[in-house]
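The values are calculated or read from the model by the stated rules, or taken from the named source; none is laboratory data. Computed from a predicted structure; not experimentally measured. Virtual Cβ from ideal backbone geometry, glycine too; neighbours counted across all protein chains shown. Side chains are part of the model used for accessible areas, which takes the heavy atoms of the whole protein and leaves out ligands, DNA and RNA. Shrake-Rupley method; radii C 1.70, N 1.55, O 1.52, S 1.80 Å.
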Amino acid sequence: MEMPKIALIGNPNVGKTVVFNALTGAKQHVGNWPGVTVERREGRFRHRGLDISVVDLPGIYTLSPFSIDEKISRDYIVDKRPDAVVDIVDASNLERNLYLTLQLLETGANVVVGLNMMDEAEKKGMKIDVERLSEILKAPVVPMSAIKGEGIDALKDAIYEEITGHEHHRHMAVGYGEEVERYIVELEEEISKCKSLRDYRSRWLAVGLLEGDGDIICKVRKAGCEGVIERSESMRDELSKKIGEMMDIYFADRRYEFIEEMVRMVMVRGKEKWTFSDMLDNVFTNPVFGIPSFFLLMWAAFQFTFAVAEPFMNMIDIGFTWLADVTRASISNPALASLLADGIISGVGSVLIFLPNIFLLFFALSLLEDSGYLSRAAFVMDKSMYKIGLPGKSFVPMLLGFGCNVPAIMSTRTIEDRNDRLITILINPLMSCSARLPVYLLFAGAFFAGNEGAVVFSMYLMGILLAVIMALLLRKFLVKGRPAPLIMEMPPYRMPTLKNSLMKMWENGYLFIKKAGTVIVFGVTIVWFLSTYTYSPDAAYGIVMSGDIENSFAAYLGQWLQPIFAPMGWDWKAVMALLFGFIAKEIVVGTFGTLYGVEGGGEGLQNALMGSFTPVSAYAYMAFVLIYVPCLATIATIKAETGSWKWPLLAIAYMMGLAYLVALIISLVGNALMGVFG
Amino acid sequence: MKGLKPIALWTGLIGALYLLYGSIEILMWVTGEFPFPLMPPGDALAGAMLIIIGSILLYRIRELIAMKYEGLSFLAGGLVLSGIIGIMYILIAGADMLNSVVVGELWAFDPGYNMPAIVLAILLLPGWMCVRKGADFCE
């Protein structure tokens with residue numbers, strides 16, 4: 001017997017992923033904002049001896065899909081037909097959530113309603129008669145507060161009952177009025193004649209066809225039932241004339257009327273009072289204080305990241321310096337000792353030293369995310385974003401870009417309009433990902449001591465500013481049109497849980513460690529080889545240890561490329577670091593560590609850099625690293641998401657040009673100002 | 001209800017102090033030294049952040065004294081931001097102490113810890129009494 005399969009569905013940000021994790025024991029990313037799940041995810045759990053497979057679907061508001069993630073959800077429910085569909089409903093927002101529930105019931109799915117966030121509803125003074133709701137819907141309704149783990153066992157029981165067939169085939173239906181019902185029945189008869197449509201519930205198809213649902217029309221057409229489509233079109237026209245209303249609006253209105261009546265029967269509202277969320281929203285989405293509050297919180301996140309990480313960075317620094325010394329002293333073969341101590345340990349150590357910063361930044365961002373603040377930030381920024389030709393929905397992928405551009409670009413799937421999505425993808429690499437942070441921290445610590453937090457913050461702001469300018473240019477010259485207006489749900493503010501924040505911190509930090517152990521080791525080994533060996537016609541294979549880095553392969557290559565960057569005042573080592581940064585931006589710091597042969601990469605490397613850079617050339621270098629070419633993984637993701645090489649190549653080209661231009665401007669203006677004031 | 005009005009006035013006073021210290025901090029950044037001990041470190045951005053908190057606390061102070069939700073909401077926003085900044089500076093001081101242990105140096109007080117921001121965050125704490133008694137407020 002095949003393992004029974006259930007699907008988790010619901011509106012965005014109702015806690016589906018929390019339920020998924022609670023059911024399966026998985027550790028999927030949970031966010032207090034809409035759009036966390038953009039792909040379906042699978043897990044499994046065992047209950048009363050039965051293994052059950054669970055699929056977590058992206059959040060949708062209706063079964064009429066507008067974006068890719070909505071289509072993923074609907075197609076799964078309708079075509080794969082899981083044994084049960086668990087509809088997670090926000091109890092504090094019943095009216096809006098029940099619309100999807102009604103549509104699910106119309107498909108004939110075995111629906112189990114998980115009435116989540118009961119605690120939020122109670123805080124708002126709402127009392128819900130769960131049994132009455134279950135009677136009306138003719139489906140099991142389980143009250144829960146998933147984030148506290150309440151109601152999970154009851155939900156498992158309800159799922160088990162549904163799957164094992166005790167409660168099968170109860171189909172609650174919304175009545176659409178005598179006249180319309182007659183047409184529905186007539187069309188159902190027409191549909192039943194078409195054998196290839198027997199897998200679908202005829203009433204659901206009939207209602208969808210009368211609504212003019214494009215996706216359902218496509219399904220019927222694919223099934224080769226053109227006659228049904230023709231009949232439904234004439235019926236829709238007739239009905240529309242009789243009723244004096246567009247049919248899709250008519251059906252939606254009837255559903256909402258039904259919901260309104262149902263909510264009136266099952267829910268009692270308390271005295272109207274402001275919740276803590278209402279109060280905070282009044283300030284954080286205020287036209288005057290919204291943006292300053294956003295900057296305050298982001299600034300605090302960066303200050304925290306920089307200042308609190310210092311003791312941990314010093315611990316890592318001390319550890320790697322000790323490890324390199326021990327390695328050098330214990331290995332007699334000079335080439336091997338140099339590879340391990342000067343190559344791998346120096347290179348990887350100079351990158352890993354920034355691990356505490358990465359951990360702390362993600363910890364701070366996850367606190368902001370889990371609290372529900374990021375949705376407010378999107379709302380506050382929407383007006384400004386609309387002016388530059390971006391939809392408010394772009395804000396979420398842009399913020400995710402601060403972590404890693406790869407998931408950020410994937411998250412653009414929540415943007416319905418193709419042009420809006422394309423612009424968001426193309427400017428996303430300008431959002432400073434965590435891989436670039438070590439470069440900023442290294443240079444800010446060396447050249448801007450005392451103002452490190454502000455200098456690093458300025459890099460992030462520069463990335464945002466350049467993204468704004470590029471969005472304007474792309475909208476004007478390449479991807480024309482107006483952005484779609486933002487319709488976004490504001491989740492209630494919640495106290496972030498330490499467990500969830502630490503989990504996210506670990507997930508992102510682990511990726512960084514993994515990269516250090518793979519790509520960075522590979523990169524710094526090549527850098528070590530190029531900086532340690534040179535060409536010699538007399539030696540075997542033509543290569544020999546150079547003894548002097550200035551005569552190494554790396555020096556030849558770097559000196560050959562260096563004239564291109566001469567206006568910025570960077571030496572060949574800086575150019576080599578940029579070259580290797582093509583693979584992954586973390587390698588920039590690792591390359592410096594290897595080229596200067598400094599273990600750990602802390603103050604030692606900073607002192608070494610102070611001999612090669614000025615504050616102006618260092619700032620220009622930081623800006624160049626921020627902007628120039630996305631890493632290989634990001635390029636591959638742009639290709640996958642746009643389905644063409646044209647767009648990643650465009651991103652590489654414009655980012656290289658822009659990086660050079662910005663670095664040159666910083667150098668020229670900075671040096672001129674230093675000449676005047678300095 | 002009467003007990004909350006003095007607290008509302010108190011939070012207004014703290015809001016004014018936030019504005020004052022934020023302005024001093026920016027002034028210090030512009031002019032350099034400032035001759036008072038334990039004063040802010042002259043970080044313009046940090047000063048601007050203190051001014052934002054002070055402005056939020058004072059923006060609807062009249063409504064707060066009149067026990068209206070509108071006023072209470074700005075106190076709640078100010079409390080949250082002031083708490084975040086205060087905790088951040090406490091963590092920075094704690095990390096610095098830990099760092100002195102790691103590198104084997106003697107720890108000493110650094111004005112960079114921004115003592116006024118910590119003290120003001122603590123002095124603002126009674127404001128939570130108003131938020132907790134939100135039911136006493138009206139539209």
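Picking from A:LEU94, A:LEU63, A:LEU57, which residue would you name as being under 30 Å from A:LEU209 (Cβ atoms), open to solvent by less than 10 Å² (accessible area, probe 1.4 Å) and out of contact with any Ser or Thr (no Cβ under 8 Å at 6 or more places or on another chain)?
Details: A:LEU63 fails: out of contact with any Ser or Thr (no Cβ under 8 Å at 6 or more places or on another chain); A:LEU57 fails: out of contact with any Ser or Thr (no Cβ under 8 Å at 6 or more places or on another chain).
The match here is A:LEU94.
Scan the stretch B:88-120 for residues that are facing chain A (nearest Cβ under 9 Å) and open to solvent by 70 Å² or more (accessible area, probe 1.4 Å) and jot them down.
Passing the criteria: B:LEU91, B:MET97, B:VAL101.
Scan the stretch A:240-282 residue by residue and report those that are within 14 Å of chain B (Cβ to nearest Cβ) and either without any contact (Cβ under 8 Å) to a residue 24 or more places away in the chain or not polar (S, T, N, Q) (or both). Reasoning before the result, please.
Filtering the stretch A:240-282 for residues within 14 Å of chain B (Cβ to nearest Cβ) gives A:270-282.
The answer is A:GLY270, A:LYS271, A:GLU272, A:LYS273, A:TRP274, A:PHE276, A:ASP278, A:MET279, A:LEU280, A:ASP281, A:ASN282.
Check whether at least one residue in the stretch A:546-553 is assigned to a helix (DSSP H, G or I), free of Cβ contacts under 8 Å to residues at least 60 places away in the same chain and out of contact with any strand residue (DSSP E or B) (no Cβ under 9 Å at 6 or more places or on another chain), and report yes or no. Steps first, please.
Residues of the stretch A:546-553 assigned to a helix (DSSP H, G or I): A:549-551, A:553.
Filter once more, so that each one left must be free of Cβ contacts under 8 Å to residues at least 60 places away in the same chain: A:549-551, A:553.
This time we only want the ones that are out of contact with any strand residue (DSSP E or B) (no Cβ under 9 Å at 6 or more places or on another chain), so: A:549-550.
Yes: one or more hits.
Would you point out which residue out of A:ARG182, A:ARG170 is modelled with pLDDT of 90 or more and among the basic types (Lys, Arg)?
Selected residue: A:ARG182, the only one of A:ARG182, A:ARG170 that is modelled with pLDDT of 90 or more and among the basic types (Lys, Arg).
Please verify whether the stretch A:468-483 includes one or more residues that are surrounded by 22 or more Cβ atoms within 10 Å (Cβ to Cβ), within 14 Å of chain B (Cβ to nearest Cβ) and at pLDDT 80 or above.
Checked the stretch A:468-483: no residue is surrounded by 22 or more Cβ atoms within 10 Å (Cβ to Cβ), within 14 Å of chain B (Cβ to nearest Cβ) and at pLDDT 80 or above.
Taking the conditions exactly as written (within 14 Å of chain B (Cβ to nearest Cβ) and either open to solvent by 40 Å² or more (accessible area, probe 1.4 Å) or of a type in the set (Gly, Ala, Ser) (or both)), does A:ALA301 satisfy them or not?
Working: within 14 Å of chain B (Cβ to nearest Cβ): yes; either open to solvent by 40 Å² or more (accessible area, probe 1.4 Å) or of a type in the set (Gly, Ala, Ser) (or both): yes.
Yes; evaluated as a whole, the condition is true for this residue.
Of the residues that make up the stretch B:129-136, is at least one away from every other protein chain (no Cβ under 11 Å), farther than 24 Å from B:ALA48 by Cα and within 17 Å of the chain's Cα centre (by Cα)? Reasoning before the result, please.
Filtering the stretch B:129-136 for residues away from every other protein chain (no Cβ under 11 Å) gives B:129, B:133.
Next, from what is left, pick out any that are farther than 24 Å from B:ALA48 by Cα: B:129, B:133.
Those left that are additionally within 17 Å of the chain's Cα centre (by Cα): B:129.
Checked against the condition, which is being away from every other protein chain (no Cβ under 11 Å), farther than 24 Å from B:ALA48 by Cα and within 17 Å of the chain's Cα centre (by Cα), the stretch B:129-136 yields at least one hit.
When the stretch A:314-329 is examined, which residues are found to be open to solvent by 60 Å² or more (accessible area, probe 1.4 Å) and within 14 Å of chain B (Cβ to nearest Cβ)?
Across the stretch A:314-329, the qualifying residues are A:MET315, A:ILE318, A:TRP322.
Is it true that A:ALA252 is of a type in the set (Gly, Ala, Ser) and within 21 Å of A:ASN97 (Cβ to Cβ)? Before you say what the answer is, go through the steps one by one.
Working: of a type in the set (Gly, Ala, Ser): yes; within 21 Å of A:ASN97 (Cβ to Cβ): yes.
Spelling it out, A:ALA252 is indeed of a type in the set (Gly, Ala, Ser) and within 21 Å of A:ASN97 (Cβ to Cβ).
Residue check, A:THR525 against (1) in a loop (DSSP other than H, G, I, E, B); (2) open to solvent by 10 Å² or more (accessible area, probe 1.4 Å); (3) of a type in the set (Val, Ile, Thr), all met but one. Which one?
In the conditions (1) in a loop (DSSP other than H, G, I, E, B); (2) open to solvent by 10 Å² or more (accessible area, probe 1.4 Å); (3) of a type in the set (Val, Ile, Thr), A:THR525 misses (1) alone.
So which residues in the stretch A:111-139 are at pLDDT 90 or above, of a type in the set (Lys, Arg) and touching a helix residue (DSSP H, G or I) at 6+ places or on another chain (Cβ under 7 Å)?
A:ARG132 - this is the single residue of the stretch A:111-139 that is at pLDDT 90 or above, of a type in the set (Lys, Arg) and touching a helix residue (DSSP H, G or I) at 6+ places or on another chain (Cβ under 7 Å).
Just the residues that are closer than 22 Å to A:PRO438 by Cβ, part of a helix (DSSP H, G or I) and among the aromatic types (Phe, Trp, Tyr), please, taken from the stretch A:619-659.
Of everything in the stretch A:619-659, those that are closer than 22 Å to A:PRO438 by Cβ, part of a helix (DSSP H, G or I) and among the aromatic types (Phe, Trp, Tyr) turn out to be A:TYR619, A:TYR621, A:PHE624.
Could you say whether any residue in the stretch B:51-69 is within 11 Å of another protein chain (Cβ to nearest Cβ), surrounded by fewer than 18 Cβ atoms within 10 Å (Cβ to Cβ), touching a residue at least 40 places away in the same chain (Cβ under 8 Å) and more than 14 Å from B:ALA16 (Cα to Cα)?
yes
Run down A:ALA454, A:ALA377, A:ALA408 and say which single residue is closer than 25 Å to A:VAL589 by Cα and open to solvent by less than 20 Å² (accessible area, probe 1.4 Å). Spell out the reasoning first.
Numbers: A:ALA454 fails: open to solvent by less than 20 Å² (accessible area, probe 1.4 Å); A:ALA377 fails: closer than 25 Å to A:VAL589 by Cα.
Of the residues listed, the single one that is closer than 25 Å to A:VAL589 by Cα and open to solvent by less than 20 Å² (accessible area, probe 1.4 Å) is A:ALA408.
Return a yes/no flag: does the stretch A:25-34 have any residue that is within 24 Å of the chain's Cα centre (by Cα), within 30 Å of A:LYS273 (Cβ to Cβ) and at pLDDT 90 or above.
So the first thing to find is which residues in the stretch A:25-34 are within 24 Å of the chain's Cα centre (by Cα), and the list is A:25-34.
Next cut, within 30 Å of A:LYS273 (Cβ to Cβ) only: A:30-34.
Still in the running and at pLDDT 90 or above: none.
No, the conditions are met nowhere in the stretch A:25-34.
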